[in-house]
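Notes follow the structure.
The values are calculated or read from the model by the stated rules, or taken from the named source; none is laboratory data. As the structure is a prediction and not an experimental result, all values here were calculated from the model. When we count neighbours, we look across all protein chains shown, and the Cβ atoms used for this are built from the backbone with ideal geometry, even at glycine.
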């Protein structure tokens with residue numbers, strides 16, 4: 001049981017380049033989330049998908065797009081990377097109820113130069 | 001709007017010392033509270049959670065937290081810390097609605113000296 005799997009683990013981009021972060025979960029969870037973690041800021045929600053076929057903006061969506069490809073997969077795309085997007089990105093999933101804990105992936109450390 | 005405050009940014013303790021990390025929240029709905037732990041270089045893992053019932057919640061690795069409704073607090077405690085408890089600790093509450101996303105505090109970094 002792998003849980004939540006993210007790829008890649010590390011990535012370095014130049015300003016203006018694009019990339020897609022991949023996330024897959026094998027727990028049959030309804031909801032999936034993308035957070036970014038910055039020092040002293042905690043975790044901030046970028047986008048989430050409450051169920052297959054739906055996506056919604058979180059606290060910091062600017063500069064990002066997402067796709068809920070199917071129930072298992074939820075990708076995050078940076079169309080034109082900026083240095084302000086240097087961060088650690090975590091994908092998470094849950095059953096989607098208000099008392100459901102989140103299960104996190106191992107994170108992607110992204111540096112934009 | 002819902003919010004979570006963790007007042008301690010960095011706590012440094014010696015092994016065997018007692019630990020208490022503060023968490024205060026602002027939330028108008030049914031209270032569900034979580035503590036997550038992030039060991040160096042790893043992802044966040046659930047430490048414990050409170051939904052209802054006994055306000056003293058026990059989690060993994062000897063951690064516990066007490067929900068005090070009158071103080072809007074959910075402080076994390078451990079009677080005797082170990083070097084392996086060195087990590088960052090996050091308090092979290094539901095954003096609201098039925099989507100299940102959480103609002104996290106800014107985290108408290110715990111360093112335990114051997």
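Could you please let me know if residue A:40 is over 23 Å from residue A:2 (Cβ atoms), outside any strand (DSSP E or B) and away from every other protein chain (no Cβ under 11 Å)? When the stated conditions are applied, residue A:40 does not pass them.
Run down A:63, A:53, A:96 and say which single residue is at pLDDT 95 or above, in contact with a strand residue (DSSP E or B) (Cβ under 7 Å, 6 or more places away or on another chain) and on the phi > 0 side of the Ramachandran plot. The conditions single out A:63. Residue count for segment B:34-46 satisfying the condition of being surrounded by 20 or more Cβ atoms within 10 Å (Cβ to Cβ), facing chain A (nearest Cβ under 10 Å) and in a strand (DSSP E or B): 4.
Looking only at segment B:81-95, decide whether some residue is more than 18 Å from residue B:6 (Cβ to Cβ), facing another protein chain (nearest Cβ under 10 Å) and crowded, with 16+ Cβ neighbours inside 10 Å.
No: segment B:81-95 contains no residue that is more than 18 Å from residue B:6 (Cβ to Cβ), facing another protein chain (nearest Cβ under 10 Å) and crowded, with 16+ Cβ neighbours inside 10 Å.
Of all the listed residues (B:59, B:53), the sole one being under 30 Å from residue A:108 (Cα atoms), out of contact with any helix residue (DSSP H, G or I) (no Cβ under 6 Å at 6 or more places or on another chain) and within 14 Å of chain A (Cβ to nearest Cβ) is B:59.
Rundown of residues vs (1) in contact with a strand residue (DSSP E or B) (Cβ under 9 Å, 6 or more places away or on another chain); (2) in a strand (DSSP E or B); (3) away from chain B (no Cβ under 11 Å), yes/no style:
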position: A:20; (1), (2), (3): yes, yes, yes
position: A:67; (1), (2), (3): yes, yes, yes
position: A:71; (1), (2), (3): yes, no, yes
position: A:81; (1), (2), (3): yes, no, yes
position: A:91; (1), (2), (3): yes, yes, no
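Apart from one condition, residue A:5 fits all of (1) within 14 Å of chain B (Cβ to nearest Cβ); (2) in a loop (DSSP other than H, G, I, E, B); (3) surrounded by 14 or more Cβ atoms within 10 Å (Cβ to Cβ); the exception is (2). When residue A:78 is tested against (1) surrounded by 14 or more Cβ atoms within 10 Å (Cβ to Cβ); (2) at pLDDT 95 or above; (3) out of contact with any helix residue (DSSP H, G or I) (no Cβ under 8 Å at 6 or more places or on another chain), just one condition goes unmet, and that condition is (3).
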